[in-house]
Amino acid sequence: MSDKTYETILYDVEDGILTITLNRPEKMNAFTGQMMFDVIDAFDRADADDDVRAIIITGAEKAFCAGADLSAGAKTFDYEARDDRPDKQGTAVKDGGIDWSDPSVRDGGGRMTLRIFESIKPVIGAINGAAVGVGVTMQLPMDIRIASTKARFGFVFARRGIVPEACSSYFLPRIVGISKALEWCYSGRVFDAQEALDGGLVRSLHEPEDLLPAARAIAREIADNTAAVSISLTRQMMWRMLGADHPMEAHKVDSKAIFSRGRTDDAREGVMSFLEKRQPDYPCKPSKDMPEFYPWWEERKYS
């Protein structure tokens, strides 16, 4: 359960599984700046909570997320023309030029997807309905995506006069390949769950009533059988090696991880529980037992 409430999401932990529900059903869970802040805070909490072993993200009622909230009308994407952005820092337009490092330039969907990318807990997307615009791009840094047969997807940006956001130019081609990524983004059309499955965007399709049980079964397999620190390291190793220019970079990280993990009680428990044919009880916790070389990547900041 949660002892904190949010404006735009629900946060519920049960038996080691956190379910984050996008919760603006009257607006088809459309994305706002407040939702960005709420999701980022939820991931901060989850990373600090050793009782959370896996995260499921889904939407309330019929939609997953219908994209950006368009209630601002024609100025929806004109950040300079809006005074309702919760993090607006003055103006990026100064002396006739644009200060590209100003925080108000930053894409809110990208800030959220970067936080999901940084997660040390595995993330499962349970896509229950309409998922267009940021509603689909926010899924891309999730590790496993499953969908309802009623889900719909659309990279609709060119049809709104803008471009793909939320770091999707990095994630989407890596997930579905450059040709499929460009086809979907060029057309901007909305497509069904079967096409998302065929294109590699989602892992599997489920009847609506079976979607969350299927997501929980995946999360349960992780929570019940694996070492939490090993999962945290594995997640970051896999994602960050997508940009490596040589397998030697993976070898360096693999070697450090194996060496450090091999000295822990987790490794001893993993072997002995297997030999003794019993359920493992891993003692190490991500909040305090990550190896000394973590995080191994160079710090990156927006500028």
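Looking at the range 113-220, what strands (runs of 3 or more DSSP E) fall wholly within it and have at least 2 residues that are outside the structural domain of Thr32 (by TED's automatic domain parsing), over 26 Å from Phe43 (Cβ atoms) and of a type in the set (S, T, N, Q)?
Working: elements: 123-127, 130-132, 144-148, 152-154, 190-192, 204-206.
By residue number, no strands (runs of 3 or more DSSP E) qualify.
Please enumerate the residues belonging to the range 209-243 that are in contact (Cβ under 8 Å) with a residue 12 or more places away in the chain and charged (D, E, K, R). Selection gives Arg216, Arg220, Asp224, Arg235, Arg240. Checked against (1) touching a residue at least 60 places away in the same chain (Cβ under 8 Å); (2) buried (at least 21 other Cβ atoms within 10 Å of the Cβ); (3) more than 22 Å from Ala214 (Cβ to Cβ), Arg24 passes all but a single condition, namely (1). Among the residues that make up the range 158-168, is at least one of them modelled with pLDDT of 95 or more and closer than 23 Å to Pro208 by Cα? No; the residues of the range 158-168 include none that is modelled with pLDDT of 95 or more and closer than 23 Å to Pro208 by Cα.
Taken together, the residues in the range 217-263 that are surrounded by fewer than 14 Cβ atoms within 10 Å (Cβ to Cβ) and of a type in the set (Val, Ile, Thr) amount to 1. Phe293 fulfils the conditions (1) within 30 Å of Gly135 (Cα to Cα); (2) modelled with pLDDT under 95; (3) touching a helix residue (DSSP H, G or I) at 6+ places or on another chain (Cβ under 6 Å) except for a single criterion, (1).
Hey, does the range 165-181 have a residue that's farther than 26 Å from Met238 by Cα and over 16 Å from the mean Cα position of the chain (by Cα)? Talk me through it step by step, then tell me what you get.
Just the residues of the range 165-181 that are farther than 26 Å from Met238 by Cα, to begin with: none.
Checked against the condition, which is being farther than 26 Å from Met238 by Cα and over 16 Å from the mean Cα position of the chain (by Cα), the range 165-181 yields no hits at all.
Applying the set (1) touching a residue at least 24 places away in the same chain (Cβ under 8 Å); (2) within 20 Å of Phe117 (Cα to Cα) to Asp289 leaves exactly one unmet item: (2).
Looking at this structure, is Ala63 touching a Phe, Trp or Tyr at 6+ places or on another chain (Cβ under 7 Å), at negative phi and in contact (Cβ under 8 Å) with a residue 60 or more places away in the chain? I'd like the intermediate steps shown before the answer.
On the way: touching a Phe, Trp or Tyr at 6+ places or on another chain (Cβ under 7 Å): no; at negative phi: yes; in contact (Cβ under 8 Å) with a residue 60 or more places away in the chain: yes.
It is false that Ala63 is touching a Phe, Trp or Tyr at 6+ places or on another chain (Cβ under 7 Å), at negative phi and in contact (Cβ under 8 Å) with a residue 60 or more places away in the chain.
Going by the structure shown, is Arg145 basic (Lys, Arg) and more than 30 Å from Lys285 (Cβ to Cβ)? No, not satisfied. Within the range 83-103, restricting attention to residues that are among the small types (Gly, Ala, Ser) and at negative phi, the residue that is modelled with the highest pLDDT is Gly97.
Tell me, yes or no, whether the range 238-255 has at least one residue that is modelled with pLDDT of 95 or more and within 17 Å of Ile17 (Cα to Cα). No, the range 238-255 contains no residue that is modelled with pLDDT of 95 or more and within 17 Å of Ile17 (Cα to Cα). Residue check: is Ala46 aliphatic (A, V, I, L, M), modelled with pLDDT of 95 or more, in contact with a strand residue (DSSP E or B) (Cβ under 7 Å, 6 or more places away or on another chain) and within 23 Å of Ser148 (Cβ to Cβ)? The answer is no for Ala46.
The values are calculated or read from the model by the stated rules, or taken from the named source; none is laboratory data. Computed from a predicted structure; not experimentally measured. As a convention, Cβ positions derive from the backbone with ideal geometry for all residues, glycine included, and neighbour counts pool all protein chains shown.
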